[in-house]
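Below is one structure, written out as structure tokens, with a few remarks after it.
The values are calculated or read from the model by the stated rules, or taken from the named source; none is laboratory data. This one's a predicted model, so the numbers in the text were calculated from it and none came from an experiment. No Cβ is skipped: glycine too gets one built from the backbone with ideal geometry, and neighbour counts run over all protein chains shown. Note: accessible area is taken over every heavy atom of the protein model, side chains too, but ligands, DNA and RNA are not part of it. Shrake-Rupley method; radii C 1.70, N 1.55, O 1.52, S 1.80 Å.
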Amino acid sequence: MSSALSLKKVTPENVKAACALRIRPEQEKVVAPVVMSLAEAYASPETAWPRVVFDGAELVGFVMGGFEPDCPVDAFRCGIWRLNIAAGHQGKGYGRFAVEAVCAEARRRGQRRVTVMWLPHEHGPEEFYLRLGFRPTGETMGGQVIGELWLS
Ligand SMILES: CC(C)(COP(=O)(O)OP(=O)(O)OC[C@H]1O[C@@H](n2cnc3c(N)ncnc32)[C@H](O)[C@@H]1OP(=O)(O)O)[C@@H](O)C(=O)NCCC(=O)NCCS
């Protein structure tokens, strides 16, 4: 993994590149496109935490955390809402970097547990999240597995 990795807010300078980010075609069923996530972030500015991942000057990924500690739905209190790593840049540690950034933000907010939901799918991210230490809670929502990670 490159040492030039950084996480940035979405700005007028990088928003077009963020919207142009594409995952692999066979993965498109498992996560919303960035443009949809940014529209949702616009509608939920208090809870959505959208960020872009750069390697040097190149935008390689998008991640959106969600933080709503008082939400009645447990899976929406502190978690990863979206994660998209560009097709040509997968398998280089950028996804791990993005998840760790959400975890760091969660810790900063005093949280100890991060959740994520994934669709069981042959091209889905289940193995990735398991590799990073997430474990299924045993619950599902809308056909998606709910995973949790306790922060140390
Ligand atoms: C899933 C996704 C985010 C992973 O990002 P990535 O940058 O390719 O993953 P990383 O390179 O950071 O991988 C981290 C670890 O997970 C492992 N991993 C990643 N994808 C894996 C897979 N499909 N199967 C098994 N292991 C996998 C890597 O081998 C690596 O392990 P290591 O650190 O021990 O070497 C990326 O493939 C993606 O954007 N997929 C399409 C969209 C998606 O599914 N988003 C999640 C929606 S909830």
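Values for this structure:
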{"item": "Protein-only accessible surface order, largest first, of 11, 115 at 1.4 Å", "result": "11, 115"}
{"item": "Selected from 25, 47, 89, residue furthest toward positive end of dipole (the stretch 5-111; charges at beta carbon)", "result": "89"}
{"item": "Candidate aspartates and glutamates - alpha carbon under 20 Å from residue 8, same-chain residues fewer than 8 apart omitted", "result": "40, 46, 55, 58, 100, 105"}
{"item": "The stretch 5-111 - Rg (one decimal) and Dmax (whole number), Cα, Å", "result": "13.3, 40"}
{"item": "For the chain, size of Cβ-based charge dipole, Lys and Arg +1, Asp and Glu -1, in debye", "result": "380"}
{"item": "Point-to-point label distance, residue 28-residue 121, nm (Cα→Cβ direction, 7 Å offset)", "result": "1.1"}
{"item": "Cβ-derived FRET efficiency at R0 30 Å, residue 141 paired with residue 42, nearest 0.05", "result": "0.80"}
{"item": "Backbone HN-Hα couplings from phi across the stretch 32-40 [Karplus 6.51/-1.76/1.60, Hz, Gly and Pro as x]", "result": "5, x, 4, 4, 5, 4, 5, 5, 5"}
{"item": "Area of residue 96 that stays accessible when all protein chains are in place (1.4 Å probe, Å², to 10)", "result": "100"}
{"item": "Of 78, 121, 144, farthest towards positive along the dipole that unit charges on Lys, Arg, Asp, Glu beta carbons give the stretch 74-152", "result": "78"}
